[in-house]
Each structure stands twice: as C-alpha cells, then as structure tokens.
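Asker: The structure's right below; bear with me while I get my questions together.
The values are calculated or read from the model by the stated rules, or taken from the named source; none is laboratory data. The shown structure was predicted, so the numbers you read here are calculated from the model rather than taken from an experiment. Methodologically, a virtual Cβ is constructed for each residue, glycine included, from the backbone with ideal geometry; neighbour enumeration extends over all protein chains shown.
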Amino acid sequence: MGYTNLTCQKLELNYPCVWKYKLIIKSDANIQTIIKQTISNRKHKGLTTNKSSKGKFVSYLVETQVQDEEDRLNLHRIFSNHKDIKMII
C-alpha cells in the first residue's frame, strides 16, 4: 500500500483563522506567567490537557486567532524561545 508524502506540500489556510498550539511546559512553571510573557493581552483560550507520567511536564492548549502565515509562525517562534516551554506541537 502506497502513501502520500506531505512534507513537500504547503499548508493552505484561509486567514484570519483560529490556530491551536499545544505547549509542553515544565510542571513547576506558571502558565499564566508564560502567557503574559509570550502573547500578553492577545485574546486566547487556554486549557491544561495532560500531565506526563512522571509529573515533570504539563500540556497546555492555547487557541488564538492568527491574521496570516507570518503571524502564525511568529507566535510559534515566540513560544519556542521561552525558557519554560519544552516543546510546541
């Protein structure tokens, strides 16, 4: 059975749109502080979704409207550069 290689295809989105970022953060980090330091007063929804089996990390889902691809990628970079965010999914 064959498969389609999607790595070379560009994501087509209609902007503005709502985008979700799943942040994996250190369990001792304060998510409200992280949000304030990264997206400040930008309107968003947030929800803690999971904890790692050993309790070191917590998953936090952030949903916000992005205006265009540059805005979407910029938010990803901002989250990536935060010291308490281990990973963005």
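Asker: Out of 27, 80, which single residue is out of contact with any Leu (no Cβ under 7 Å at 6 or more places or on another chain) and at pLDDT below 95?
Answerer: Exactly one residue qualifies, and that residue is 27.
Asker: Going by the structure shown, is residue 15 among the aromatic types (Phe, Trp, Tyr), in contact (Cβ under 8 Å) with a residue 40 or more places away in the chain and either in contact with a Lys or Arg (Cβ under 9 Å, 6 or more places away or on another chain) or surrounded by fewer than 11 Cβ atoms within 10 Å (Cβ to Cβ) (or both)?
Answerer: It is true that residue 15 is among the aromatic types (Phe, Trp, Tyr), in contact (Cβ under 8 Å) with a residue 40 or more places away in the chain and either in contact with a Lys or Arg (Cβ under 9 Å, 6 or more places away or on another chain) or surrounded by fewer than 11 Cβ atoms within 10 Å (Cβ to Cβ) (or both).
Asker: List pairs: first residue in the range 43-54 and more than 14 Å from residue 21 (Cα to Cα) and among the hydroxyl-bearing types (Ser, Thr, Tyr), second residue surrounded by 10 or more Cβ atoms within 10 Å (Cβ to Cβ) and at pLDDT 95 or above anywhere in the structure, Cβ distance under 9 angstrom, at least six positions apart or on different chains.
Answerer: These pairs meet every condition: 52/24; 52/58; 52/59.
Asker: Scan the range 55-88 residue by residue and report those that are in a strand (DSSP E or B) and either closer than 19 Å to residue 18 by Cα or among the small types (Gly, Ala, Ser) (or both).
Answerer: The answer is 59, 60, 61, 62, 63, 64, 65, 66, 88.
Here's the yes/no breakdown for (1) of a type in the set (Lys, Arg); (2) in contact with a Phe, Trp or Tyr (Cβ under 9 Å, 6 or more places away or on another chain):
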residue	(1), (2)
13	no, yes
16	no, no
43	yes, no
67	no, yes
71	no, yes
75	no, yes
79	no, yes
86	yes, yes
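Asker: Another question, if that's okay. Spot the failing condition for residue 72; the list is (1) under 14 Å from the mean Cα position of the chain (by Cα); (2) modelled with pLDDT under 95; (3) of a type in the set (Lys, Arg), and only one is missed.
Answerer: (2)
Asker: Now a separate question. Is it the case, given these coordinates, that residue 41 is at pLDDT below 95 and exposed (fewer than 11 other Cβ atoms within 10 Å of the Cβ)?
Answerer: yes
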